[in-house]
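Q: Here you go, one structure.
The values are calculated or read from the model by the stated rules, or taken from the named source; none is laboratory data. Being a predicted model, the structure only gives us computed values, none of them experimental. In this analysis, Cβ positions are derived from the backbone assuming ideal geometry, glycine residues included, and neighbour counts consider all displayed protein chains. Just so you know, the surface numbers come from the protein's heavy atoms only, side chains and all, with ligands and any DNA or RNA stripped out. Shrake-Rupley method; radii C 1.70, N 1.55, O 1.52, S 1.80 Å.
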Amino acid sequence: MNVLIPFSWLKDYVKTNAEVRDVANALSEHSFSVEKIIDNDVLEIEVTPNRGDGLSILGIAREMMAILPVKGFSVEWVKKLFPVKGYSGKDKLKVKISDNSLVPRFSAVVINNVKVKESPAGIKERLSKVGIRAINNVVDVTNYCMIEIGQPMHAFDYDKISGYEMLVRESKKGEVITTLDGVKRTLPEGVIVIEDGDGRLIDLCGIMGGLNSEVDENTKKVLLFVQVYDPVRIRKSSMSLGHRTEAALRFEKGVDFESVIPSLQTAAGMLVELSGGEISSELIDLTGTVYTQKHIKIDYEKIDKVAGVEMKKDFVDSTLASLGFLIKGEDVYVPSWRYDDIDIAEDLAEEVIRIYGYQNLPNALPGGTLPYHGKNSNFSLEDKAKDFLKHTGFFECYNYSATSSGLSGPGAIKIKNPLNADLEYLRTSLIPKLMDILHKNRGYSETVKLFELAPVYISKKSTLPDQPFMLGIVARGVDFLVFKGIIEALFEELGVAGEFAFEITEHPGGILSCEIVFDDLVNVSGESRIYSPLTGFNSIKEDITIVVGEDASFNEIISEVKDTDVRVNKASFKDIYGDALTLSIEFLDRSKQITSEETKNIRDSIIKNLDSKYGIKLKV
Amino acid sequence: MVHPNVLKAGGIDLEIYSGFAFGWGVERVLMMRTGLRIDDIRLLFENNLKFLEQF
């Protein structure tokens with residue numbers, strides 16, 4: 001998640017001789033990537049999801065305390081806690097929490113005699129720098145504190161809460177709330193909400209306040225409200241409602257349990273100062289969960305092992321201390337703001353090593369012998385096929401696995417949440433898209449030849465789809481027999497033994513296509529060749545021309561010819577004219593010199609077989 | 001470094017093994033290759049022959 005952190009605001013917390021660019025570099029090297037610096041002041045920082053503590057001025061200031069000294073800069077913590085005179089008063093709030101796991105900590109205070117008006121220029125300027133719209137002094141304080149301390153909070157108009165009663169509970173499916181942005185939302189079950197004494201929903205907890213309890217220019221009493229919520233529930237609710245707010249983004253990553261009261265104190269103090277009010281209630285602080293500080297056993301050897309280089313004990317100890325960890329004997333106590341992030345010894349190692357600096361670790365390749373990998377024969381066959389097609393003038397295409405409905409092929413799986421309509425279905429064939437590419441490139445040349453070798457997705461009942469690799473080939477302006485010849489030559493190149501059945505589809509406009517299950521081709525391919533010793537005896541070559549119809553395929557005819565006699569060494573296509581097919585036949589006897597009388601006999605057998613099996617006769 | 005939980009889930013003994021992992025997008029690396037300065041990643045998937053013929 002990206003946050004905007006003004007360097008000028010950071011200086012409320014940390015005094016340093018580093019400049020904004022130095023801070024940006026230091027953070028990028030040891031903490032979070034600083035994407036850019038805006039107006040020479042505002043750092044745009046990409047905070048990783050495990051570091052919810054980095055989403056505030058306070059969080060970044062803490063990082064600076066640890067990393068700037070490493071870079072040779074001076075740092076001093078200068079921020080003091082906001083003082084509050086005391087919490088007392090007659091205003092009360094009746095709170096009931098239905099389930100403590102929803103709200104580990106619930107705190108609130110009432111402030112009376114508030115004058116709602118515009119915030120001072122300084123506050124508005126800071127909010128504007130971080131991209132938050134200023135509304136009024138009350139709302140602005142809650143946003144200001146959220147950005148500064150990382151604790152989201154809310155302000156209710158106290159008098160709009162019926163009966164001054166709050167029930168924190170899970171929503172039931174179908175309940176409705178209109179949030180501050182004016183949007184009426186229908187809730188699923190399980191969202192954390194607050195119901196007031198009249199049974200109205202007044203807050204969509206952790207995400208956005210309700211419109212019916214909002215602070216407006218007539219508000220006299222403010223209920224300042226600071227919570228910690230169950231992160232999982234907040235994320236689920238926020239995602240399912242499609243409402244991602246700055247508050248929700250922070251709650252879902254985990255908020256510091258121990259910062260609740262200091263945050264409330266700061267916000268209350270600021271509110272009193274800016275709105276002229278006074279605290280009119282006791283401090284309400286309900287802790288549903290007992291928070292105990294985490295501790296991990298320190299393992300110096302492990303840290304060395306993870307780093308691959310020795311981290312001196314003094315360095316480890318002082319680094320952890322600078323980050324807020326407390327070392328007591330063999331145990332390291334995790335600061336409350338890192339509660340969700342630090343669990344195991346490796347997490348401590350990461351803290352130490354990142355401050356040491358990954359760029360300072362020595363460059364060394366792992367030692368030992370390289371592991372042996374057997375050759376993956378599929379890859380080499382894929383390469384061979386692709387090279388062959390390239391050398392015969394085909395262009396390789398890479399298309400997306402997801403297509404629009406028209407280009408997916410039949411029976412395609414529909415994607416539930418596609419990026420857009422062009423990527424809605426998982427293709428079951430490569431051909432439609434290849435044809436589309438062919439069409440898009442029609443201006444390129446008379447002859448366009450394309451192929452793609454990639455998976456398709458065949459739906460299966462009650463299990464994951466099959467994902468066979470297909471070889472899709474399309475061409476325009478290529479003669480049928482040439483196209484066929486290329487595919488057969490490809491088979492030869494791959495060492496395919498025997499026949500491999502394939503089909504060529506003719507499309508209007510002189511377009512040809514063919515799609516082969518590449519995995520099937522792999523199964524019959526062989527890299528090894530079989531050698532037949534040459535004989536001294538000569539072969540006899542002859543042509544025969546036969547009349548063909550629809551009764552037999554070319555492959556069947558050739559098979560029949562070859563099967564007639566073992567001395568039929570070769571039989572191949574020579575010419576076709578109308579229905580007259582001319583075959584070239586080579587006769588060879590390896591044991592002796594074959595005679596023309598013997599070849600005549602074989603030829604007669606061939607013609608007899610073709611006639612009896614397929615009704616094919618010699619052309620007269 | 002690979003998180004110990006990931007290794008554990010893969011049935012790998014943490015006492016003996018640790019792991020590291022990294023990755024980069026094949027397309028982006030190609031775009032940066034010396035001599036090429038492909039300016040739009042979508043070109044790699046458009047299959048425009050005027051683009052493909054250069055390779």
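Q: Taking the inverse of the average 1/r across all pairs of different Cα atoms in the range A:271-323, what Kirkwood radius in Å do you get?
A: That comes to 16.0 Å for the range A:271-323.
Q: Now a separate question. Multiply the residue gap between A:Lys461 and A:Asn523 by 0.36 nm, knock off their C-alpha separation, and tell me the result in nm, one decimal place.
A: Here the answer is 19.8 nm.
Q: What Kirkwood radius, in Å to one decimal, follows from the Cα pairs of chain B? Kindly include the intermediate steps, with their values, before the conclusion.
A: Values: mean 1/r = 0.0690 Å⁻¹.
Answer for chain B: a Kirkwood hydrodynamic radius of 14.5 Å.
Q: Could you check the simple spin-label distance between A:Ser128 and A:Tyr400, using points 7 Å along Cα→Cβ, in nm with one decimal?
A: The answer from the label model is 4.0 nm.
Q: Can you give the Rg to Rh ratio for the protein assembly as shown, taking only C-alpha atoms and Rh from Kirkwood?
A: 1.17
Q: If you filter the range A:442-506 for trypsin sites (Lys or Arg not before Pro), then keep DSSP loop positions with at most 10 other Cβ within 10 Å, what is left?
A: Loop-located and lightly packed - A:Lys461.
Q: Could you sort A:490-501, B:1-12, A:423-434 so that the peptide with the highest average Cβ count within 10 Å comes first and the rest follow in order?
A: The packing order, highest mean first, is A:423-434, A:490-501, B:1-12.
Q: Which number do you get for Rg(Cα) / (2.2 N^0.38 Å) in the range A:1-78?
A: Ratio of Rg to 2.2 N^0.38 Å for the range A:1-78: 0.95.
Q: Across the range A:286-374, how many lysine pairs separated by 8 or more positions, or lying on different chains, have Cα atoms within less than 16 Å? Please report the intermediate quantities before stating the final value.
A: Working: A:Lys294/A:Lys328; A:Lys297/A:Lys305; A:Lys297/A:Lys313; A:Lys297/A:Lys328; A:Lys302/A:Lys312; A:Lys302/A:Lys313; A:Lys305/A:Lys313; A:Lys313/A:Lys328.
Eligible lysine pairs with Cα atoms under 16 Å apart amount to 8.
Q: Moving on to the next point. Taking the Cβ of A:Arg62 as the center, what net charge do the other residues with Cβ under 15 Å away carry, scoring Lys and Arg +1 and Asp and Glu -1?
A: Residues close to A:Arg62 contribute a combined charge of -3.
Q: Using a 1.4 Å probe and ignoring any ligands, DNA or RNA, find the accessible area of A:Arg250 and quote it in Å² to the nearest 10.
A: For A:Arg250, solvent-accessible area is about 10 Å².
Q: Modelled label-to-label distance, A:Gln293 and A:Asp39, 7 Å Cα→beta-carbon offset: nm?
A: About 4.0 nm, to one decimal.
Q: 5 Å is the cut-off here: which amide hydrogens, built 1.01 Å from N in the peptide plane, fall below it relative to A:Glu282, excluding neighbours closer than 5 in sequence?
A: Here A:Gly89 satisfy the definition.
Q: Next up: Any lysines with Cα under 21 Å of the A:Lys592 Cα? List them, leaving off those in the same chain fewer than 8 positions away.
A: Straight-distance partners of A:Lys592: A:Lys541, A:Lys562, A:Lys570, A:Lys600.
Q: Let me know the mean shielding of A:342-349 by other chains, meaning the per-residue number of their Cβ atoms within 10 Å of its Cβ. It would help to have the intermediate numbers written out before the result.
A: On the way: counts 0, 3, 3, 1, 7, 1, 0, 1.
Mean partner-chain Cβ count within 10 Å for A:342-349: 2.
Q: If you line up the long axis of helix A:480-493 against the longest principal axis of chain A, both from Cα atoms, how many degrees apart are they, to the nearest 10?
A: Rounded to the nearest ten degrees, it is 80.
Q: Go through A:Lys390/A:Lys460; A:Lys416/A:Lys460; A:Lys71/B:Lys8 and tell me which ones have a Cα-Cα distance over 25 Å in this structure.
A: Going by Cα-Cα distance, A:Lys390/A:Lys460; A:Lys71/B:Lys8 fall outside the 25 Å limit.
Q: Something else now. What order do A:His373, A:His243 take when sorted by accessible area (1.4 Å probe), most exposed first?
A: Largest accessible area first, the residues go A:His373, A:His243.
Q: Based on Cα coordinates alone, diagonalise the gyration tensor for the range A:48-189, multiply each eigenvalue by 5, take square roots, and list the semi-axes in whole Å, largest first. It would help to have the intermediate numbers written out before the result.
A: Values: eigenvalues 213, 88, 66 Å².
Values for the range A:48-189, descending: 33, 21, 18 Å.
Q: Follow-up. Show that you can apply the helix-only estimate: for chain A, add -39,500 (n - 2.57) for every DSSP H stretch of four or more residues, divide by all residues, and state [θ] at 222 nm to the nearest 500. Don't skip to the end; give the middle numbers.
A: Details: 17 runs with 187 residues, N = 620.
That calculation yields -9000 deg cm²/dmol at 222 nm.
Q: Rounded to the nearest 10 Å², what accessible area does A:Thr186 show when all protein chains are kept and the probe is 1.4 Å?
A: Accessible surface of A:Thr186 is approximately 90 Å².
Q: Another question, if that's okay. Cross-link partners among lysines for A:Lys386, C-alpha distance below 23 Å, same-chain residues fewer than 8 apart left out?
A: Within the straight-line limit of under 23 Å, A:Lys386 reaches these lysines: A:Lys375, A:Lys433, A:Lys440, A:Lys449, A:Lys484, B:Lys50.
Q: Show A:Leu326, A:Leu407 ordered by accessible area, largest first, where the area counts protein heavy atoms only and the probe is 1.4 Å.
A: A:Leu326, A:Leu407
Q: For B:36-49, what's the mean count of beta carbons from other chains sitting within 10 Å of each residue's beta carbon?
A: Whole-number average of other-chain Cβ neighbours for B:36-49 is 3.
Q: Any idea what angle helix A:313-322 forms with the longest principal axis of chain A, computed on alpha-carbon atoms, 0 to 90 degrees, nearest 10?
A: On a 0 to 90 degree scale, this one is about 60.
Q: As I understand it, the value is the acute angle between the Cα axis of helix A:431-440 and the longest principal axis of the Cα atoms of chain A; what does it come to in degrees, rounded to 10?
A: Tilt of helix A:431-440: around 90 degrees.
Q: If packing is taken as the average number of other Cβ atoms within 10 Å across a peptide's residues, how do A:92-101, A:20-29, B:17-26 rank, most packed first?
A: Ranking the peptides A:92-101, A:20-29, B:17-26 by packing returns A:20-29, A:92-101, B:17-26.
Q: Can you list which of the trypsin sites (Lys or Arg not before Pro) found in the range A:293-345 are DSSP loop residues with at most 15 other C-beta atoms within 10 Å?
A: A:Lys312
Q: How far apart, in nm, are the 7 Å Cα→Cβ label points at A:Lys79 and A:Asp543?
A: In this crude label model, A:Lys79 to A:Asp543 measures out at 9.4 nm.
Q: How many Cβ atoms of partner chains, on average, are near each residue of A:432-443 if near means within 10 Å of its Cβ?
A: 2
Q: Starting from a Cα-only point model with no solvent, please compute log10 I(q)/I(0) by Debye for the range A:135-259 at q = 0.11, 0.14, 0.17 1/Å.
A: Calculated log10 I(q)/I(0) at the listed q: -0.34, -0.56, -0.85.
Q: I need the GluC sites (Glu not before Pro) found in the range A:548-594, filtered to DSSP loop residues with at most 13 other beta carbons within 10 Å of theirs.
A: A:Glu550
Q: So with the 1.4 Å probe, I'd like the accessible area per residue for the protein assembly as shown, rounded to whole Å².
A: Each residue of the protein assembly as shown exposes 54 Å² on average to a 1.4 Å probe.
Q: Report, in whole Å, the centroid distance computed from the Cα atoms of the range A:307-383 and the range A:48-63.
A: 20
Q: Using heavy-atom solvent-accessible surface (probe 1.4 Å) with all chains present, what is the largest-first order of A:Glu452, A:Glu76?
A: A:Glu76, A:Glu452
Q: Would you list which aspartates and glutamates come within 14 Å of A:Lys173, measuring only between C-alpha atoms, while excluding same-chain residues fewer than 8 positions from it?
A: A:Glu189
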